């Protein structure tokens, strides 16, 4: 990306605690990412979809108008009958400027996310609050304008000045708090997850793999599943990430598994032994190859082995397959299949 010298100088002079040297504010809303097969198509909210007729929804990062439109579509506007739990899965610090989302990026790598693996909600929201302060301080030096970078449909990057005020720069938390004040029936949660990352269970033997998912399992179970489970059974749950694909779809699958378990429609019998590994599990092998077709069906060699040695394994896999089908109008990262398989069983057994 070739940057005019005067604009490059602006970036070099940046000295904020978050908006620092050689960082840019890149437009984070991509109407062009809309999957044309999805319906309805909601203005300002690309890739909106619902998991069948269940209370689970997904969307790419929306504009502020897009958030309003999604909530109205679901029926969570003032005077509406629906209540929404909106779960933002973005790990990256995001800020809204004049109703559009912008994300912090390295000027040398504008298309790559800045990763903050392991960051929690408090820290990312503190970063967003400081980013807002940095923007307003910098804008004061340039006639209440901030330099931002837009991405054109053909992928070209264009730097331009955006006029701002104290009221036109908002963190995501502030956006949802204002919606609540306006009467929208929405609760907001932030569960930061690194894009396209998953535990590498498939590289290990069956018993080690089953234990290795504990970190991500505990994190997602305690934060996401518990939030969903604590909400009223009729609550509409909406997930968003950046493009509304990997993280959002995984969240939708998790929420659907939890929902079906709550209404007693999981298809998995409830007892204390569900999901337990038998003593001879380490001796079980499966020499069948992981063909492409088998992997698409979730039939990893390690999953086939788990099905044979775990209580409720067959029912658990059947349930995960069914839920993925309900949520796969965009995509599912199949590398997360082992985690989802364990979650299906653990919801029934109380496994920790």
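The values are calculated or read from the model by the stated rules, or taken from the named source; none is laboratory data. All of these numbers come straight from a predicted model, not from anything done at the bench. FYI the Cβ positions are ideal-geometry reconstructions off the backbone, even for glycines, and counts take in every protein chain you see.
Some observations on this one:
- Residue tally, condition in contact with a helix residue (DSSP H, G or I) (Cβ under 6 Å, 6 or more places away or on another chain) and not in a loop (DSSP other than H, G, I, E, B), over the stretch 32-58: 4
- Listing of strands (runs of 3 or more DSSP E) fully contained in the stretch 121-200 that carry 2 or more residues being over 21 Å from residue 68 (Cβ atoms) and at pLDDT below 95: 145-151, 157-163
- Of all residues in the stretch 227-276, those being closer than 27 Å to residue 80 by Cα, at pLDDT 80 or above and part of a loop (DSSP other than H, G, I, E, B) number 7.
- Residue check for residue 57: modelled with pLDDT under 90 and within 21 Å of residue 250 (Cα to Cα): no
- Residue list for the stretch 11-42, filter: surrounded by fewer than 14 Cβ atoms within 10 Å (Cβ to Cβ), in contact (Cβ under 8 Å) with a residue 24 or more places away in the chain and closer than 27 Å to residue 237 by Cβ: 32, 37, 40
Per-residue answers, yes or no, for (1) exposed (fewer than 12 other Cβ atoms within 10 Å of the Cβ); (2) under 16 Å from residue 62 (Cβ atoms); (3) outside the structural domain of residue 75 (by TED's automatic domain parsing):
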position	(1), (2), (3)
144	no, no, no
148	no, no, no
163	no, no, no
167	yes, no, no
172	no, yes, no
176	no, yes, no
181	yes, no, no
185	no, no, no
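- Of the residues making up the stretch 76-96, those that are more than 15 Å from the chain's Cα centre (by Cα) and either farther than 17 Å from residue 45 by Cα or surrounded by fewer than 21 Cβ atoms within 10 Å (Cβ to Cβ) (or both) are 77, 78, 79, 80, 81, 82, 83.
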